[in-house]
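Worksheet for the structure shown next.
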Amino acid sequence: MNSGGHRYLHGHHDAVLRSHRRRTIETSAAYVIPRLQSDSDVLDAGCGPGSITVGFAAQVPNGSVIGIDSEPSVLDEARSLAEAEGRTNLTFEVGDIYRMGFEAERFDVVHVHNVLQHLDDPVAALGEMRRVCRKQGFVAARESDYGAMFWYPESEALAEWRALYRKVARSAGGEPDAGRHLAAWARSAGFSGVEASASCSCYATAEEKQWWGGLWAERIVQSRFAEQAAGGHLAATEDLERLAEGWQEWVTTPDACFFIPHAEVICTP
Ligand SMILES: C[S@@+](CC[C@H](N)C(=O)[O-])C[C@H]1O[C@@H](n2cnc3c(N)ncnc32)[C@H](O)[C@@H]1O
């Protein structure tokens, strides 16, 4: 089981955090918003730089929000963001999603976004989230699915990137096609009710494509992903450089677009 001490596949290189920082409660947890009460107590597990977590704090002005992450450095950024937005009902703590230091039934809402795909026992993590969720509350989870991503136009480099990504993620103990597994994982974790839905991100404007393609061109050669790919003999440095060029080329291709499907579940303890 990869605990809070494990090496998160992507690490926290700026090219990785640029991807996480762009997420908000509106882009990444819209399915949860109608279910929040102004006084809900919310936990955001594996909160990263906190850009979704601050959105929860805004939605529950009379409640409280705690974000936890196993990586202390990313929480410094999350705290700065909360301070800049003047959120006083929000705190961040270092913690391990497998063994959270909270009493049973501490929260009304327990949220997780794009974390389970990086864990080697997502069912155990969901079980721990169930433990800290009140019986009248819910656990909300959303995960992308690499195998289901699609793009235009066809690109050998992007197809190779996806195949490599899935190998590297699995070599690190994760499941890159997490989206399709999500409802089954939740049922295995013992929830009495699991309500599934889905949403899709789309990068189609010049700015969105430059952001998404540009950060992958950088991530593939510079982040911990690159170390894992090279260290696991899954790709040579020249291969990674070639794929980075492929991403740069895709960014400037007329009419290019990229779609990311996400599965979502609302789980009743
Ligand atoms: C892809 S990021 C997602 C961050 C945020 N939820 C978002 O969507 O922007 C995954 C985060 O999970 C954290 N993480 C990985 N394993 C963890 C564990 N066992 N316990 C707590 N956090 C963990 C990583 O440090 C990283 O910040």
- Query: In deg cm²/dmol and to the nearest 500, what is the mean residue ellipticity at 222 nm of the chain if only DSSP H runs of at least 4 residues count, each as -39500 (n - 2.57), divided by the residue total?
  - Reply: -12000 deg cm²/dmol
- Checked the stretch 14-268 with the C-alpha gyration tensor, a ≥ b ≥ c its square-rooted eigenvalues, rounded below a/c of 1.5, otherwise prolate if a/b is larger than b/c and oblate if not; verdict prolate
- Item | Neighbourhood charge, 11 Å Cβ-Cβ cut-off, centred on Trp185 and excluding it, Lys, Arg +1 and Asp, Glu -1 | -1
- Note on the structure: Residue separation between Phe259 and Phe150 times 0.36 nm, minus their alpha-carbon distance, gives in nm 38.7 nm
- Item | the chain - percent of accessible surface contributed by carbon and sulfur, probe 1.4 Å | 48 percent
- Message: Could you tell me what a quarter of the Cα convex hull surface of the stretch 42-179 works out to, in nm² with one decimal place?
- Response: 9.6 nm²
- Message: Once ligands and nucleic acids are excluded and a 1.4 Å probe is used, how much of Lys209 is accessible, expressed in Å² to the nearest 10?
- Response: 20 Å²
- In a Gaussian network model of the chain with springs linking alpha carbons closer than 10 Å, the residue among Gly101, Gly179, Gly137 that fluctuates most is Gly101
- Would you work out the relative contact order for the stretch 14-268, in percent, from Cα pairs under 8 angstrom that are 6 or more residues apart? 20 percent
- Item | Charge sum, other residues only, whose C-beta stays under 10 Å from Phe92's C-beta, Lys/Arg counted +1 and Asp/Glu -1 | -4
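The values are calculated or read from the model by the stated rules, or taken from the named source; none is laboratory data. This is a predicted model, so every value here is computed, not measured. Cβ: placed from backbone, ideal geometry, glycine included. Neighbour counts: every protein chain shown. With ligands, DNA and RNA removed, areas are computed over all heavy atoms of the protein, side chains included. Shrake-Rupley method; radii C 1.70, N 1.55, O 1.52, S 1.80 Å.
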